[in-house]
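> Okay, here's the structure, questions in a sec.
The values are calculated or read from the model by the stated rules, or taken from the named source; none is laboratory data. These figures come from a predicted structure and were not determined experimentally. Note: ideal-geometry Cβ built from the backbone for every residue, glycine included; neighbour counts use all protein chains shown. Keep in mind that these areas ignore ligands, DNA and RNA; they rest on the heavy atoms of the full protein, side chains included. Shrake-Rupley method; radii C 1.70, N 1.55, O 1.52, S 1.80 Å.
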Amino acid sequence: MKFPRLSQYRTGGTSQHMKVGIPLPRTPDGRVYRFSPNENAYPRHFVIGNVVASVGLSKELRVRMKHEPHTKQTVCPYSGIVADDDAFIHPDDVKAALEIVKHAAAQDMQDAVSDIFRNAFKGSSSVKGPIRVTTDVKRSIPKPKPRFSRQDLMRKLVCDHCGRDYGLFAIGLFCPDCGAPNLRLHFSREAELVDDQVSLAKGIETEKEELAYRLLGNAHEDVLTAFEATLKAVYFYGKAQANVSPPKVGNDFQNIDKALRRFAELNLNPFAELTDPEMAALLLNIQKRHIIGHNLGVVDDKFATHANDAKVGETVGLVGADIQQFAAIGQKVVDGLDAWLCGSPSPTVNHSPLLMTIKEPTVDPDDPKNLRALDLQLSLLARKVAVWVAEHCTDGSRGFVDASKLRKEFKDNSEVELEEAVAELATDGFVEISHFSGGGLTNFRPLLDLYLTFDGPAFGRDPVADTVTVTELALARPDSVRGEELLAQTGWDLRRFNPIFEHIAAQIPDRGVRRYLGTKLSVSSLHLLAEDRVQLKRFVARLKS
Ligand SMILES: [Zn+2]
């Protein structure tokens, strides 16, 4: 038996023992999920994107890296271990790949069975004898490929050593590409955000003094939180390097004396480079944090001994400059720790990461919609034809394409080129060619996957988000779901609604799907049994995960 759909993913092996490679689903910004193979590297999950900045590789930068950038190995940003890219596959991507393979194999089987029946009954319409055999071997509509949603993470960074874009859940120590310490980059990103908060507070009018004070209080707290998290991450890394399981540290890193004792276990004094006035300012700021956080900003005895100008019972003063100074001292400490991680200081210490040349996304005049960025095997022409088909379909109900209009639009391409583009789309399940009436350009129509993939670039909307919306509306109803009612509820036009409702219908068995000829909807209604509702709930969960 042949597996044409499955074979598209084939990377090796034989037709009996096929080895397949499935492209990873991407986040809206084009990053893929990664998962550290190190069980102790909490939280393990991170996302990795493209190389987006050009950084001139100097000797000083290279010496801090774990290996040459952009190789087939990944570095765990949380623990620093290095392994082949394949070791970092996220469990969600394994599940997704299995579903994609299952879908391709099932569609191949379905086609093979239809072919067997079609050949068996070719030309036969037996009317001899009492039993009449009707040969209804109409191919059922292929089910759309499974789709998965992937989310970007809050902490987005671009490595200032190799230009790789990535995102983390928590403070990371290393760039996942080149392995250079990125600790100071993390902290300076936090400091930038704090700077923004300070500017925001400065812009508030004087009558809203309390609001400004609170904003500054939050910014001040953010500096300490980032500072504490960074110290803790480095301490845990040091313990792991010494093969010691991390002890409970509580709030130790909010207190300079306790932090010093912790780091002494690693023969390290993170504050060694600070001058006396810097050390005093650091201590004072940590005390201030305590007063603002736990004493509503009212000065107590202990604080009054630290700060000469503070009187017991008064509100502790907090100005933007204090916070910026706190962040700058924190940055100096973190810069030292960043150097400790690899044995040499970063040559980027005096560079603002904002000065890095981020590559401008280049607009190719041949591809203004950036269709090449779609993770597909199709040629650019096939992609353009698909977008054109999406744009020129008026009702989303998979009608045949007007070939004369298509030829006119693509008049610079030959008939052979266009036919090949359509054949590519058919190969990948985006269109269906009707071979009964000659095939080729004159007879093809879109399949559901064309709308689900190309409605995005064609209309700037997200069919996955639309599917979630409509599925949730459907699930909010009792067992019978009428398409007309949902259409009215969404307020969308038919073109937007039809493919989405059909996408939902494809998730449940055909017995629950009603299609009536002569109506404007491709699916008229759904009748959901308890097990269908379970299917749909899981479908939504998968799309939202
Ligand atoms: Zn890097």
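> Output yes when any residue across the stretch 432-443 is open to solvent by 40 Å² or more (accessible area, probe 1.4 Å), in the same structural domain as Thr394 (by TED's automatic domain parsing) and among the acidic types (Asp, Glu), and no when none is.
yes
> Could you please let me know if Lys332 is at pLDDT 95 or above, open to solvent by less than 90 Å² (accessible area, probe 1.4 Å) and not in a loop (DSSP other than H, G, I, E, B)? Show your work before the answer.
Values: at pLDDT 95 or above: no; open to solvent by less than 90 Å² (accessible area, probe 1.4 Å): yes; not in a loop (DSSP other than H, G, I, E, B): yes.
No.
> In addition: Quick one: Pro463 ticks every box in (1) in contact (Cβ under 8 Å) with a residue 24 or more places away in the chain; (2) open to solvent by 20 Å² or more (accessible area, probe 1.4 Å) except a single one, so which number is it?
Single failed check for Pro463: (2).
> Which one is least open to solvent (accessible area, probe 1.4 Å), of the residues in the stretch 172-210 that are in a loop (DSSP other than H, G, I, E, B) and more than 13 Å from the ligand (Cβ to nearest atom)? Full working, then the answer.
First, pick out the residues of the stretch 172-210 that are in a loop (DSSP other than H, G, I, E, B): 172-173, 175-180, 182, 203-205.
Now drop any that are not more than 13 Å from the ligand (Cβ to nearest atom), which leaves 203-205.
Values: Gly203: 63, Ile204: 40, Glu205: 96 Å².
Within the stretch 172-210, the match that is least open to solvent (accessible area, probe 1.4 Å) is Ile204.
> Something else now. Do any strands (runs of 3 or more DSSP E) lying entirely in the stretch 1-94 carry at least 1 residues that are open to solvent by 40 Å² or more (accessible area, probe 1.4 Å) and closer than 29 Å to His161 by Cβ, and which ones are they?
Details: elements: 10-13, 18-20, 32-35, 45-51, 73-75, 82-84.
Strands (runs of 3 or more DSSP E) meeting the threshold: 32-35, 45-51, 73-75, 82-84.
> Would you check if Gln151 is open to solvent by 20 Å² or more (accessible area, probe 1.4 Å), out of contact with any His (no Cβ under 7 Å at 6 or more places or on another chain) and closer than 30 Å to Asp466 by Cα?
On the way: open to solvent by 20 Å² or more (accessible area, probe 1.4 Å): yes; out of contact with any His (no Cβ under 7 Å at 6 or more places or on another chain): yes; closer than 30 Å to Asp466 by Cα: yes.
Spelling it out, Gln151 is indeed open to solvent by 20 Å² or more (accessible area, probe 1.4 Å), out of contact with any His (no Cβ under 7 Å at 6 or more places or on another chain) and closer than 30 Å to Asp466 by Cα.
> Ok, one more. Mind telling me which of the residues Arg495, Arg477, Arg482 ends up being of a type in the set (D, E, K, R), within 21 Å of Ala541 (Cβ to Cβ) and not assigned by TED's automatic domain parsing to the domain that holds Val387?
Among Arg495, Arg477, Arg482, only Arg477 is of a type in the set (D, E, K, R), within 21 Å of Ala541 (Cβ to Cβ) and not assigned by TED's automatic domain parsing to the domain that holds Val387.
> Could you tell me which of the residues Val470, Val464 is closer than 25 Å to Pro146 by Cα and modelled with pLDDT of 95 or more?
Values: Val464 fails: modelled with pLDDT of 95 or more.
Answer to the check: Val470.
> Quick check, is Gly167 open to solvent by less than 30 Å² (accessible area, probe 1.4 Å), over 28 Å from Asp322 (Cβ atoms) and not in a loop (DSSP other than H, G, I, E, B)?
Values: open to solvent by less than 30 Å² (accessible area, probe 1.4 Å): yes; over 28 Å from Asp322 (Cβ atoms): yes; not in a loop (DSSP other than H, G, I, E, B): yes.
Considered against the rule, which asks whether it is open to solvent by less than 30 Å² (accessible area, probe 1.4 Å), over 28 Å from Asp322 (Cβ atoms) and not in a loop (DSSP other than H, G, I, E, B), Gly167 comes out as yes.
> Asp84 fails exactly one of the following numbered conditions: (1) within 15 Å of the ligand (Cβ to nearest atom); (2) touching a strand residue (DSSP E or B) at 6+ places or on another chain (Cβ under 8 Å); (3) of a type outside the set (A, V, I, L, M, F, W, C). What is the number of that condition?
Single failed check for Asp84: (1).
> So which residues in the stretch 269-283 are open to solvent by less than 30 Å² (accessible area, probe 1.4 Å) and of a type in the set (A, V, I, L, M, F, W, C)? It would help to see each step written out before you state the result.
Keep residues of the stretch 269-283 that are open to solvent by less than 30 Å² (accessible area, probe 1.4 Å), which gives 270-271, 274, 281-282.
Passing the criteria: Phe271, Leu274, Ala281, Leu282.
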